[in-house]
1. Give segment 161-173 a look and list any residue that's closer than 16 Å to Ala231 by Cα and touching a helix residue (DSSP H, G or I) at 6+ places or on another chain (Cβ under 8 Å), or say none.
2. What number of residues within segment 242-268 are within 16 Å of ligand 1 (Cβ to nearest atom) and basic (Lys, Arg)?
3. Out of (1) buried (at least 18 other Cβ atoms within 10 Å of the Cβ); (2) of a type outside the set (Ser, Thr, Tyr); (3) closer than 30 Å to Lys343 by Cβ, what's the single condition that is false for Ala448?
4. Kindly check whether there is at least one residue in segment 215-222 that is over 28 Å from Arg475 (Cα atoms), of a type outside the set (S, T, N, Q) and either more than 16 Å from ligand 1 (Cβ to nearest atom) or free of Cβ contacts under 8 Å to residues at least 12 places away in the same chain (or both).
5. Would you mind finding the one in Asp23, Asp18 that is within 15 Å of ligand 2 (Cβ to nearest atom) and touching a Gly at 6+ places or on another chain (Cβ under 8 Å)?
6. For segment 470-521, which residues satisfy the criterion of being modelled with pLDDT under 90, of a type in the set (Gly, Ala, Ser) and part of a helix (DSSP H, G or I)?
7. Can Ala96 be described as touching a Phe, Trp or Tyr at 6+ places or on another chain (Cβ under 9 Å) and surrounded by 16 or more Cβ atoms within 10 Å (Cβ to Cβ)?
8. Mind telling me which of the residues Ala219, Ala229, Ala281 ends up being within 16 Å of ligand 2 (Cβ to nearest atom) and either in contact with an Asp or Glu (Cβ under 6 Å, 6 or more places away or on another chain) or of a type outside the set (S, T, N, Q) (or both)?
Amino acid sequence: MSSVSKTQDNKDRIFIFDTTMRDGEQSPGAAMSLDNKIELGRLLDQIGVDIIEAGFPASSVGDFEAVKAVASICENATVAGLSRANEKDIRRCAEAVRHAKRGRIHTFISTSPIHRKHKLQMEAHQVLEHVTSSVTLARSLVDDVEWSAEDATRTERDFLKQCVEAAIKAGAGTINIPDTVGYSYPDEYSELIKDLITNVPGADKVIFSTHCHNDLGLAVANSLAGVRAGARQIECSINGMGERAGNAALEEIVMAMRVRGDAMPFETRVDSPQLTRISQAVSRITGFPIQYNKAIVGKNAFSHESGIHQDGMLKNAQTYEIMRPEDVGQGHTNLVMGKLSGKHAFKKKLEELGYTLSDNGLIDAFVRFKDLCDRKKQVFDEDIIALVDDQIAHADDAIQVARLRVVAGTDGPQTAEIDLKVDGENIWKTARGNGPVDAIFNAIRAAAPHEAVLELYQVQAVTEGTDAQATVNVRLSANGRSASGRAADADTLVASARAYVAALNRLQAVTGVRSGGVNVA
Ligand code: KIV
Ligand code: ZN
């Protein structure tokens with residue numbers, strides 16, 4: 001096998017390995033349901049990601065089922081599962097990826113002295129034996145095996161080379177060199193990749209891969225430096241989701257190579273106009289907002305505020321833009337329709353925005369759209385996206401907000417009356433609070449008692465103007481797990497109640513504890 005694959009115009013192909021559903025899901029509060037993973041798997045496959053890491057099958061039944069489900073729906077992408085270097089993990093992983101057209105086992109072990117001593121309690125020779133035995137077993141079960149040296153960048157160079165050589169000899173086709181703690185500098189990382197490719201026997205027969213964490217904000221720079229040194233696979237995630245400060249952001253990697261083809265003569269299969277859509281889907285699914293100034297997909301990535309910049313833009317967009325908004329799927333803000341728009345036009349608009357709803361889903365969305373038109377003068381594409389995303393996210397929730405009434409203002413006490421539907425039963429409660437939002441959350445706690453702690457409450461306007469819809473993010477934690485919820489509404493207090501309830505539903509799903517109206521723990 002040659003490690004280099006060429007595109008039609010003779011550029012080197014870079015394989016994009018997405019780990020949003022594995023490393024990304026390890027971000028506290030980013031848990032995804034099976035349906036979320038199926039939706040995301042489809043989108044990643046559609047936009048041209050080469051390898052989708054859908055989970056860690058041995059870690060839970062939920063992860064196993066998710067890898068299995070994503071494996072069975074992907075048309076083009078290889079579907080990978082992660083596994084530690086032991087027989088049980090590897091067999092479980094093989095079982096999950098067996099359903100894929102192209103399945104991969106991604107097995108890893110820590111190689112650095114600090115991990116060997118404190119995490120594995122193994123001597124170097126034992127780690128080396130595990131490399132050989134794990135890759136050999138994985139190769140006996142599937143053809144496509146990737147091996148990773150966890151904490152590679154803090155590993156003694158000679159020992160790392162021995163491990164890489166052992167993994168290649170045992171049959172790994174991809175060798176991943178993670179900067180697990182995000183400690184490297186780009187020149188150090190590229191020197192490491194180059195040294196391994198040049199000096200490890202058999203290195204020319206495999207693909208080297210980068211997997212860089214963002215603790216110093218260098219994940220994308222390090223990944224690109226790795227590619228310049230000869231790596232041909234990049235592990236990354238949508239919106240840079242991942243452990244701690246996250247991983248290299250997929251959208252930034254793809255556009256850095258596309259915009260600067262002169263410096264980076266490489267190509268990916270990713271369809272860049274779909275980047276914003278998938279970024280928004282990940283944000284909706286995880287409840288993690290996209291920072292306004294986030295490169296490529298942030299709301300402000302193509303906004304120009306200063307007069308000098310605006311003047312330049314009007315004369316020629318290239319004065320201040322190195323790529324066009326449409327290249328990454330950031331359309332201009334469109335005024336869409338109002339009160340008089342019919343269902344047919346609304347359906348067409350949804351299709352344009354990339355949504356295909358069931359007949360019932362369309363009816364519900366249309367009713368909510370009409371309601372929004374009554375409350376808001378101008379309805380923009382962003383409003384419709386927020387409305388439909390909100391509907392998709394909450395349709396099957398066990399707890400739903402049926403009605404809410406809030407008394408607020410200078411004269412206090414602030415009071416909320418809530419009608420919660422819990423597993424089909426309506427529960428009506430009233431509570432006071434230190435402000436309207438506190439009163440609402442107290443009323444929800446009274447209607448569905450639980451001990452979850454509020455970790456985050458955040459409000460953002462979807463568009464401009466005082467009648468704009470608000471998107472509210474809430475993160476709750478209990479039993480060492482956390483979950484996020486998001487909701488949008490023209491009434492900020494309604495959005496707050498629904499976001500809190502969404503987080504509660506998700507927390508129940510990840511902790512496995514049901515409320516039944518009384519005992520969420
Ligand atoms: O950061 C890391 O080292 C990892 C490996 C398991 C690939 O996520
Ligand atoms: Zn990682």
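The values are calculated or read from the model by the stated rules, or taken from the named source; none is laboratory data. Keep in mind it's a predicted model, so treat the numbers as computed, not measured. For neighbour counting, all protein chains shown are included, and Cβ atoms are generated from backbone atoms with ideal geometry for every residue, glycine included. All accessible areas refer to the heavy atoms of the entire protein, side chains included, with ligands and DNA or RNA removed. Shrake-Rupley method; radii C 1.70, N 1.55, O 1.52, S 1.80 Å.
1. Answer for segment 161-173, where residues must be closer than 16 Å to Ala231 by Cα and touching a helix residue (DSSP H, G or I) at 6+ places or on another chain (Cβ under 8 Å): Lys161, Val164, Ile168, Ala172.
2. 1
3. The number of the failed condition is (3).
4. yes
5. Of Asp23, Asp18, the one residue that is within 15 Å of ligand 2 (Cβ to nearest atom) and touching a Gly at 6+ places or on another chain (Cβ under 8 Å) is Asp23.
6. Scanning segment 470-521 gives a single hit, Ala509.
7. The answer is yes for Ala96.
8. Unique residue meeting the criteria: Ala219.
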